[in-house]
Amino acid sequence: MHYLLAVIMGYLLGCSSMAFYIGLIKKKDIRTAGSGNLGASNATVLFGWGAGILVALHDIGKAVLAVLLAKWLFPGSEYVGAAAGVA
């Protein structure tokens, strides 16, 4: 049950997209502009280096948060951090 909760938590954290949020603020749909990718590279091309770095840090941070949170919530489960990170 711990693994299922960790996977759901990791998935929900992973659904957050800083590039999409920046696009909403700048009134530009990043999904249809540039390469159409919601990643840091497309954010950099469309919105500049600052936005690209913010998107990259957000993407890394949400994965790290999922792993650390899963390990903290379920300390007895050996691979729960990996399961949350993969999700």
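Every read-out reported here was derived from the displayed coordinates using simple, explicitly stated rules and does not represent laboratory data. Keep in mind it's a predicted model, so treat the numbers as computed, not measured. Glycine also receives a Cβ, built like all others from the backbone with ideal geometry; neighbour counts cover every protein chain displayed.
Details
- Neighbourhood charge, 13 Å Cβ-Cβ cut-off, centred on Ala43 and excluding it, Lys, Arg +1 and Asp, Glu -1: +1
- Taking the longest Cα principal axis of the chain as reference, the axis of helix 2-14 is set at about 10 degrees.
- Relative intensity, log₁₀ I(q)/I(0), of the chain from a Debye sum that treats every alpha carbon as a point, q = 0.11, 0.13, 0.19, 0.22 Å⁻¹: -0.36, -0.47, -0.76, -0.87
- Computed over the chain: relative contact order in percent, which uses C-alpha pairs under 8 Å that are six or more apart: 39
- Dividing the helix sum by the residues of the chain, where each DSSP H run of 4 or more adds -39500 (n - 2.57), gives a mean residue ellipticity at 222 nm of -22500 deg cm²/dmol.
- Each other residue within a Cβ distance under 10 Å of Met18 adds +1 if Lys or Arg and -1 if Asp or Glu, for a net charge of 0.
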